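Novice: If you scroll down you'll find the structure; I have some questions about it.
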Amino acid sequence: MKVLHLIGGGDVGGAKTHVVSLLAGLKPYAEVTLVSFREGDFSGEARSAGIDVRVMSGNPLRGLRPVAELAEGYDLIHCHGARGNLFGMMLKRRVRKPVVTTVHSDYRLDYMDRPLANMTYGLVNRFALRRMDYFIGVSDVMTRTLIRRGFPAERTYTVYNGLDFSAPARESDKASLAAKLGVPYAEGDVIAGIAARFDPVKDLPTLIRAAARLKGDCPRLRFLIAGDGRQGGELRRLAEELNAPVRFVGWLQDTGDFFRLLDINLLTSRFETFSYALTEGARAGCATVASEVGGAPILIDHGVNGFLFPFGDGEKLAGYIQKLYDDPALRHEMGDRLHTKAEEKYSIGTTIQTQAEIYASVLRRRARAGRKRDGLTICGAYGMNNAGDDAILEAILLETRREDPDIPVRVLSRSPLETRLACRERTFHSFNVIAFARALRKSRVYLSGGGNLVQDVTSRRSLWFYLFTIWLARKRGCRVVMYGCGVGPVLTPFNRRLTARVLTKNVDIITLREESSLAELAELGVRGPEILLSADPALILTPESEEKVDSVMLKQGVPPDGRYIGFALRDWPGFAEKLPAVAEAAEYACHAYGLTPVFVPVERGRDVRAGERAAALIGCSCHVLRETGSARLTIGLLSRMQMVVAMRLHALIFAAGQGLPMVALPYNEKVGAFMKYMGQDLCAPLESLTGETLKGLIDRAAASEGGREERLAAVAALRERERVNGEVLSRVLKDPLP
């Protein structure tokens with residue numbers, strides 16, 4: 001492929017490093033030409049890296065025609081910065097090529113303290129950005145910011161600033177490095193530092209105040225600040241006024257020696273995309289303290305390989321610096337962990353490969369853009385803060401992308417923005433019938449599920465809604481699949497007749513997650529669709545990384561190496577009366593087996609309140625988790641339990657996937673059906689639950705702790721059945737429309 005890059009040419013810092021290293025590394029994947037609208041350090045450095053550079057200086061309008069003529073010979077145009085975006089927008093209609101832009105920083109903050117520039121360059125950039133075809137954020141946080149601001153999620157990608165990690169992690173001769181930089185150094189000094197523009201967005205005054213606060217408690221601690229900018233005089237005056245142990249070392253063309261000199265790397269920014277200063281510090285093996293903004297939490301797992309503090313909180317910043325100052329072993333341990341993670345995930349090789357894959361995806365999507373019908377629309381109980389339903393959607397999308405990574409997907413959700421952020425697909429509100437009907441007109445397949453959607457226990461209106469979507473999908477000409485579903489109970493005679501009629505006449509294939517649903521369909525008299533027994537799609541998901549799980553636990557005061565019994569409760573009719581029984585059993589597990597109770601929410605909000613109510617009745621130490629994040633993070637948190645007691649079906653599914661002993665408190669047939677499917681009988685129905693009953697089940701679960709292999713074997717059998725879902729999806733995406 002051939003790619004034409006457009007950039008202003010005055011870039012410095014991370015943006016310059018990113019573009020030059022990326023384009024130089026793309027040579028095996030693409031023929032690249034860089035158009036710079038200014039001659040200078042940037043264009044010179046790009047030429048030195050072997051990049052084909054064309055400089056178009058002078059009046060930008062006069063340069064449009066030659067750039068357009070040049071662009072005709074390329075497959076796509078890739079823009080960087082305000083001027084690159086402006087030219088990309090103007091070229092878009094002339095050359096009919098896909099136009100991609102990389103958003104290197106928050107365009108709303110680029111001219112934060114320059115009102116005139118903001119009203120000119122900033123306004124033009126914001127206008128041009130909205131007219132690009134595809135978008136690349138230089139961190140997941142930047143991508144999420146774009147999506148929150150209305151940029152199309154399905155056309156927005158993420159690529160991280162990568163570095164070459166071939167250099168040694170640490171430099172043992174600190175004195176020589178200090179001498180090269182003109183910095184006093186004595187054996188035993190601890191050097192903390194930051195490399196940043198002297199700009200308000202970097203919030204360097206917070207660092208200077210923290211340094212002043214620490215000078216009495218940390219006598220061998222030295223602070224270095226590398227960089228320059230408009231705030232230079234103000235920062236120097238502040239350091240002098242506070243008598244802070246800070247030394248300004250000026251702008252450094254090559255920051256490698258600076259980071260190798262540091263023991264503690266600092267970042268105090270109000271906003272970042274994915275800071276090169278963090279990855280350069282990680283490459284040098286520095287322990288790191290960073291403000292919890294932008295891409296910092298992506299790289300740094302708080303308490304595991306570094307520390308994060310709320311931006312502007314100088315007291316917490318100082319506290320974490322002192323903790324690292326006081327503990328040399330912790331500094332080395334965190335530095336090594338951060339280096340390992342950054343080398344594995346954020347090397348320049350990974351960045352280049354990701355960028356090449358993005359180009360390939362853009363060209364494939366462009367080629368299929370003219371199809372009248374393409375892709376699928378998915379409807380389920382999504383966008384309701386339920387990790388179980390989120391897990392189902394994540395699993396469906398995983399199967400879909402395995403089959404076709406570029407397939408258009410549209411998702412109905414009660415919280416379209418949150419679902420859009422999570423799945424990076426087009427979404428619309430579940431009750432937006434007009435948008436739904438339009439989506440069906442463009443889709444080949446309508447997928448209902450998974451989950452227990454066809455039932456009238458929680459709400460008859462819910463049943464009618466999902467039956468209506470199935471009917472409308474058929475009327476709009478889609479293939480209709482019910483995917484990994486539970487069915488029933490459907491109680492009222494009218495609803496049973498309606499369900500049988502709609503499913504018989506409008507559904508092509510139904511895959512079911514348990515045998516009881518198969519029996520329910522038979523009793524309803526559903527005969528038309530192909531009906532297959534599978535398993536819950538969420539079974540294919542794996543836990544989040546150990547480092548991320550550790551970090552989430554530490555933030556909430558839960559030591560990752562403890563022994564725990566997890567409770568996944570939900571507020572349900574009759575639940576309040578059973579709270580004393582749950583609390584009694586939790587306290588028993590603590591005293592009898594040394595298992596600290598941890599209440600893990602599956603549906604965020606309501607489950608947290610249920611856990612808090614139970615915890616209030618317990619006389620021993622316990623924890624209520626309030627942040628569980630994604631479905632994979634919930635799986636990771638449950639994997640740290642020695643045993644799980646759950647009302648929630650997906651808490652049991654997640655626990656089963658990790659081979660954990662589990663006790664079910666069924667409030668609904670689907671919970672007991674899963675345990676039966678697993679060959680497990682440790683169940684106590686909610687309506688008859690007592691403290692003695694639950695304590696007895698905990699005893700039996702504890703005695704079965706050695707049966708992990710048998711439980712994993714049962715899960716493996718379920719996962720084999722779950723493959724039916726993927727096979728059906730593969731088939732219907734290729735089948736002709738009805």
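Novice: Provide Rg and Dmax in Å for region 63-125, with only Cα atoms included in the calculation.
Specialist: 13.2, 40
Novice: Would you mind pulling out the separation of the Cα centroids of region 387-465 and region 18-59, in Å?
Specialist: Here the answer is 43 Å between Cα centres.
Novice: Please get the size of the charge dipole for region 224-361, origin at its Cα centre, with Cβ charges of +1 on Lys and Arg and -1 on Asp and Glu, quoted in debye to the nearest 20.
Specialist: Its charge dipole is roughly 140 debye.
Novice: While we're here: Report, in degrees rounded to the nearest 10, the 0 to 90 angle that the Cα long axis of helix 348-367 makes with the longest principal axis of the chain.
Specialist: 60 degrees
Novice: About its Cα centre, how strong a charge dipole does region 479-638 have in debye, to the nearest 20, once Lys and Arg get +1 and Asp and Glu get -1 at the Cβ?
Specialist: It comes to approximately 660 debye.
Novice: Which whole-number percent of Cα pairs in region 546-718 have a distance greater than 27 Å?
Specialist: I get 16 percent for the Cα pairs in region 546-718 exceeding 27 Å.
Novice: To the nearest 20 debye, what charge dipole does the chain have about its Cα centre, counting +1 at the Cβ of each Lys and Arg and -1 at the Cβ of each Asp and Glu?
Specialist: Charge dipole, the chain, about its Cα centre: 3820 debye, nearest 20.
Novice: In what sequence, highest mean first, do 491-503, 464-476, 530-542 appear when ranked by Cβ atoms within 10 angstrom?
Specialist: Descending packing order for the listed peptides: 530-542, 464-476, 491-503.
Novice: Give the whole-number value, in cubic angstrom per residue, of the convex hull volume spanned by the C-alpha atoms of region 650-738. Present the calculation step by step, with values, prior to reporting the outcome.
Specialist: Details: hull volume 9.1 nm³, N = 89.
Enclosed volume per residue, from the Cα hull, is 102 Å³.
Novice: Name the long-range amide H neighbours of residue 54: under 5 Å, sequence gap of 5 or more, or other chain; modelled H, no Pro or chain starts.
Specialist: 34, 35, 36
Novice: Further question: Which one of 152, 303, 639 is farthest out on the positive end of the charge dipole of the chain, using unit charges on Cβ (Lys, Arg +1; Asp, Glu -1) and the Cα centre as origin?
Specialist: Positive-most Cα among the choices belongs to 152.
Novice: At 7 Å along Cα-to-Cβ for each site, give me the label-to-label distance between residue 54 and residue 522 in nm.
Specialist: It is 7.1 nm.
Novice: If I stretch the segment between residue 563 and residue 124 completely, what's the gain in nm (0.36 nm per residue apart, minus their alpha carbon distance), one decimal?
Specialist: Values: separation 439, 0.36 × 439 = 158.04 nm, distance 5.68 nm.
Length gained, residue 563 through residue 124: 152.4 nm.
Novice: So which cysteines in the chain don't have a second cysteine's C-beta under 4.7 Å from them?
Specialist: So far as the 4.7 Å Cβ criterion goes, 79, 218, 286, 379, 423, 478, 485, 622, 683 stand without a partner in the chain.
Novice: Just name one of 138, 661, 251: the one whose Cα is farthest towards the positive end of the charge dipole of the chain (beta-carbon charges, Lys/Arg +1, Asp/Glu -1).
Specialist: Of the candidates, 138 comes out farthest on the positive side.
Novice: What net charge do the residues around residue 327 carry, taking every other residue with its C-beta under 15 Å from that of residue 327, with Lys and Arg at +1 and Asp and Glu at -1?
Specialist: Around residue 327, the charge tally is -1.
Novice: Here's a follow-up. Show me the GluC sites (Glu not before Pro) within region 69-174 that DSSP assigns to loop and that have at most 15 other Cβ atoms within 10 Å of their Cβ. If you can, show how the numbers build up before the last one.
Specialist: Values: sites: 69, 72, 154, 171; in loops: 72, 171.
Hits after loop and neighbour filter: 72.
Novice: If you don't mind, another one. Specify the inter-centroid distance of region 576-628 and region 233-265, based on alpha-carbon positions, in whole Å.
Specialist: Spelled out, the Cα-based centre of one part sits 49 Å from the other.
Novice: Oh, and also: For each of 78, 623, 5, count neighbouring Cβ atoms within 10 Å of the residue's Cβ, then give the residues from fewest to most.
Specialist: 623, 5, 78
Novice: On to the next question. Rg and Dmax of region 174-343, using alpha carbons, in Å: what are they?
Specialist: 14.3, 40
Novice: What are the principal axis extents of the Cα atoms in the chain, in Å, biggest first?
Specialist: Here the spans come out as 81, 66, 42 Å, largest first.
Novice: Within a Cβ distance under 15 Å of residue 272, other residues only, what is the Lys/Arg minus Asp/Glu net charge?
Specialist: Around residue 272, the surrounding residues sum to -2.
Novice: Mind checking which of 557, 588, 693 is farthest towards the positive end of region 546-718's charge dipole, using Cβ charges of +1 (Lys, Arg) and -1 (Asp, Glu) about the Cα centre?
Specialist: Final value for the positive-end residue is 557.
Novice: If you project the alpha carbons of region 540-627 onto the principal axes, what extent comes out on each, in Å, largest first?
Specialist: Each principal axis gives a Cα extent; for region 540-627 these are 38, 28, 25 Å.
Novice: Can you pull the percent of Cα pairs in region 1-120 with separation above 24 Å?
Specialist: On the way: 1643 of 7140 pairs.
Considering region 1-120, 23 percent of its Cα-Cα pairs are separated by more than 24 Å.
Just so you know, all these numbers are worked out from the coordinates, no wet-lab data involved. What you see is a predicted model, and the numbers here were worked out from it, not measured in a lab. All Cβ positions, glycine included, derive from the backbone under ideal geometry; neighbour counts span all protein chains shown.
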